[in-house]
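**Student:** Provided herewith is a single structure, encoded as structure tokens, for subsequent inquiry.
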Amino acid sequence: MEIVNQYLTHFKSALKGRYITFEHIEPLLKKSPRVEILKYGVSEKGKNIPLLKIGNGPHKILAWSQMHGNESTTTKAVFDFLKFIEQEKVYQNEILKFLDQNTLFLIPMLNPDGAELYTRNNANNIDLNRDAKQLTQKESSFLDAVFTEVTPDLCLNLHDQRTIYGLNTNKPATVSFLSPAANSSRSVTPARKKAMNYIVAMNNLLQDLIPDQVGRYDDTFNSNCVGDRFTSLRVPTILFEAGHYPDDYQREKTREFIFYALLNVFGILKPDTASQTSYDEYFNIPENKKNYCDILLQNVQVKPGVYISIAIQYEEVLSEKSIDFIPVIKELSPKEHLLAHKIIDIGKEMILINSQENIYIDDKIYTICYKNTGKEIIL
């Protein structure tokens, strides 16, 4: 696709890595002819929550990213989009049409306190995506007030998902979507159908780039979730989930796929495809499964003639303004269906973890080597 080469040349913003805070995005919030800082909300700790306005068209879109502070991939993607909108080299007809037909209201970082702490929840340890009904937090109240003021025609709820998610294709769920339910019976309402049409169009686009790596979430209704609430208010809402791409723990490739998906929703790539899709195709997208671990050690000898596998998951730890990935033992001899982003065959030898023969679930791995030779095993 032509857009791929152009993205790498022109549109990738200065943001990189997993640790993205308000201090990282603030210098990028410059006013331009195409991007306006409409106003600011405030977090529980008094940090700014910017609301941006792009375009002046009748079709109103409300999007928000980093509702969970440690989910930064879509934030990088929306700043890629802002850079794309501001450049004047390519896709100018499509951009001008988007700006003329749409008004995008964008909250690029809803949870700046959680972003600074690199936590899912906010400073009061509240999951903002479970606060849609009670609105106990300033961040939740700000989003709700913007929703009421804007009266959007479409909502985009932008998130990250863990590396544990895969598909029945035996591939990781690199990008997943959901058209949230509007009620406990999960009725396919007119609002949900519109969201499903957009998702089908995005899936069709992404299949050319990441075949068999697009999934959909279970749509069990939860009235405390923002997407479910907005859908119940008859506004089409799409949940984006940025997941794992092989060897991409910094989520630099996944941000690219989210960027392309956004261009598709906005009618810039393959314009009008959403109006030409059938919502029924949404149900053909495979549902996410928890069927992956980060690393699988196979054929580990624990005593003569006894061999096990060890499933390892990375724990993400904030350390000096960057994220360390600490391997943690999660399962011993996991079920055969468990897949891994990396498989290491130990060759029926014994190993030492942290200089010990004994292996325990939830142990963090700081050193690992073959017992007989002392050779380090690189995870």
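We did not get these values from a lab; they are worked out from the coordinates using the rules stated. On a predicted model such as this, the values are computed, not experimentally measured, just so you know. Note that we place each Cβ from the backbone using ideal geometry, even for glycine, and neighbour counts take in every protein chain shown.
**Student:** Springs between alpha-carbon atoms under 10 Å, Gaussian network over the chain: tell me which of Pro50, Pro172, Pro112 tops the mean-square fluctuations.
**Tutor:** Pro50
**Student:** Follow-up. How do Tyr118, Tyr198 line up, fewest other C-beta atoms within 10 Å first? Intermediate values should be presented prior to the final figure.
**Tutor:** Values: Tyr118 20, Tyr198 24.
Sorted ascending by nearby Cβ count, the order is Tyr118, Tyr198.
**Student:** A follow-up question, please. Take every Cα pair under 8 Å in segment 2-290 that's 6+ residues apart, average their separations, divide by the length, and report that relative contact order as a whole percent. Intermediate results must be reported in sequence, preceding the final value.
**Tutor:** Details: 609 pairs, mean separation 62.1, N = 289.
Relative contact order here is 21 percent.
**Student:** Can you tell which of Cys369, Cys155, Cys293 shows the greatest fluctuation in a Gaussian network model of the chain with Cα springs below 10 Å?
**Tutor:** Cys369
**Student:** How would Tyr245, Tyr366 line up from fewest to most surrounding beta-carbon atoms within 10 angstrom? It would help to have the intermediate numbers written out before the result.
**Tutor:** On the way: Tyr245 20, Tyr366 10.
Fewest-to-most ranking of Tyr245, Tyr366: Tyr366, Tyr245.
**Student:** Provide His337, His59 in ascending order of the number of other Cβ atoms located within 10 Å of each residue's Cβ, fewest first.
**Tutor:** On the way: His337 9, His59 15.
In increasing order of surrounding Cβ atoms, one gets His337, His59.
**Student:** Still on this structure, I have one more. Cut-off 10 angstrom, C-alpha nodes, Gaussian network model of the chain. Which of Asn183, Asn354, Asn157 fluctuates the most?
**Tutor:** Top of the fluctuation ranking is Asn354.
**Student:** Which one, Gly57, Pro211, Pro108, is farthest towards the positive end of the dipole of the chain when Lys and Arg carry +1 and Asp and Glu -1 on their Cβ?
**Tutor:** Of the listed residues, the answer is Gly57.
**Student:** What is the sum of charges around Lys321, taking Lys and Arg as +1, Asp and Glu as -1, for the other residues whose C-beta is under 14 Å from the C-beta of Lys321?
**Tutor:** Values: positive: Lys16, Arg18; negative: Glu23, Glu116, Glu316, Glu320, Asp324.
Local charge sum for Lys321: -3.
**Student:** Towards the positive end of the charge dipole of segment 306-379, with charges on Cβ (+1 Lys, Arg; -1 Asp, Glu), say which of Leu332, Val306, Gln356 has the farthest Cα.
**Tutor:** Val306
**Student:** By how many degrees, between 0 and 90 and to the nearest 10, does the Cα long axis of helix 73-86 differ from the longest principal axis of the chain?
**Tutor:** Relative to the chain, helix 73-86 is tipped by roughly 40 degrees.
**Student:** As a check on your grasp of the helix formula, calculate [θ] at 222 nm for the chain: sum -39500 (n - 2.57) over DSSP H runs of n ≥ 4, divide by the residue count, round to the nearest 500. Working shown, then result.
**Tutor:** On the way: 9 runs with 90 residues, N = 379.
Here the helix-only value at 222 nm equals -7000 deg cm²/dmol.
**Student:** Length gain on complete extension for the stretch Glu23 to Glu349, per 0.36 nm per residue less the alpha carbon to alpha carbon distance?
**Tutor:** Working: separation 326, 0.36 × 326 = 117.36 nm, distance 4.82 nm.
The span from Glu23 to Glu349 would gain 112.5 nm if fully extended.
**Student:** Could you work out the local net charge near Lys194, counting Lys and Arg as +1, Asp and Glu as -1, over the other residues with Cβ closer than 11 Å to its Cβ? Spell out each step's value before the answer.
**Tutor:** Numbers: positive: Arg192, Lys193, Arg234; negative: Asp153.
In short, +2.
**Student:** What size of dipole, in debye to the nearest 20, comes out for segment 2-290 about its Cα centre when the only charges are +1 on Lys and Arg C-beta atoms and -1 on Asp and Glu C-beta atoms?
**Tutor:** On the way: 34 positive and 34 negative charges, 53 e Å.
It comes to approximately 260 debye.
**Student:** If you take every residue apart from Gly215 with its C-beta less than 11 Å away from the C-beta of Gly215, what net charge results, scoring Lys and Arg +1 and Asp and Glu -1? Don't jump to the answer; show the numbers that get you there.
**Tutor:** Working: positive: Lys171, Arg216, Lys289; negative: Asp212, Asp218, Glu241, Glu287.
In short, -1.
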